[in-house]
Amino acid sequence: MSLEQQIGALVKASENLTGAVNGKIGEIDKKVDAAVKAIPELHKTFYIDSVAGNDNALGTQSLPIKTIYEAVIRTPINGSVSIFLKKNQDHFMSGTVPRFTNATNKKIQLAAYSAGSKPVIKMLTTDAPTGSILNGFIVSTFSSITVVECVIDTMSLPLDQTKPWPEYGGFISRDGSLGEVGNALISLSHSEIKIRDHQFSSHYSRVDYNFRAVIIHHVGLQVKLNSGGDTFYCTFNGVSLSDTSKTLKGCLSGATAANTLTNISLA
């Protein structure tokens, strides 16, 4: 083989090797891209329209889902979600099915979008021998729930019940099984709570209330925000009661000087 032929063969072999390497790099890039895409997004954003939404939709503003429950179950453990509720609508958390929405180890923010009056968050109830249970968020270890510019309605008793279960259920509730001791951070801003016949929250261990510019309405039997629990901490700024015969301290079960209470007289 002449020198020219040898050089040509070497060049050809080099070109083949370069092509093989480039092909492998392309395969590696595709596998890395697939692996990255397989990692769940830790933050989700969903828009909810309780009238026109569909829980099989993407959850964008143009293709909204229907329920808060669906948005939360699509959020991975240790992840966070921003949920935008359409104004001028009642939003039943789990639609027509009475069930808790598991908020354990998730950070959830509920806010409003569109024009009109604040969206109203409602929940369905279930019956138990100990009383009516309001099916809101359930927490077994830790959860952070923030509500901005919404109304939370704790609902009236069903006709076949005379009382709520006093230490279970509510907008935020402890789990009722193994691991039921849970901590929750509940932040409300420019929102309203309508306390009807069920408590706002029930818990063991610790719950933190951080309320700013919140109106509390008493429109039913239940007069306490919370029930159960070992310790709760409250920061209230600009919180008012529509029923002037009641006090903020009177809304809280177990309010003592050992808790962190601001803007509340403990006299």
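Every read-out reported here was derived from the displayed coordinates using simple, explicitly stated rules and does not represent laboratory data. What you are looking at is a predicted structure, and each value in this text was computed from that prediction instead of being measured. Note that each Cβ is placed from the backbone with ideal geometry, even for glycine, and that neighbours are counted across all protein chains shown.
What the table below lists for this structure:
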{"item": "Segment 122-245 - percent relative contact order, Cα under 8 Å, separation 6 or more", "result": "24 percent"}
{"item": "Label point distance in nm, residue 249-residue 190, each placed 7 Å from Cα along Cα→Cβ", "result": "3.2 nm"}
{"item": "Residue order, fewest to most surrounding Cβ atoms within 10 angstrom, among 63, 134, 157", "result": "63, 157, 134"}
{"item": "By average C-beta atoms within 10 angstrom, highest first, the peptides 79-85, 217-223", "result": "79-85, 217-223"}
{"item": "Extension gain from residue 212 to residue 114, taking 0.36 nm per residue of separation minus the Cα-Cα distance", "result": "33.0 nm"}
{"item": "Cα gyration tensor shape of segment 41-251, rounded if a/c is under 1.5, else prolate or oblate by comparing a/b with b/c", "result": "rounded"}
{"item": "Distant-in-sequence amide H partners of residue 91 (H built 1.01 Å from N, under 5 Å)", "result": "120, 121, 122"}
{"item": "Calculated FRET efficiency for the pair residue 99/residue 78, C-beta based, R₀ 22 Å, to 0.05", "result": "0.50"}
{"item": "Order by protection proxy (mean Cβ within 10 Å, highest first), peptides 138-144, 64-70", "result": "64-70, 138-144"}
{"item": "Value of relative contact order over segment 41-251, rounded to a whole percent, pairs C-alpha under 8 Å and six or more apart", "result": "14 percent"}
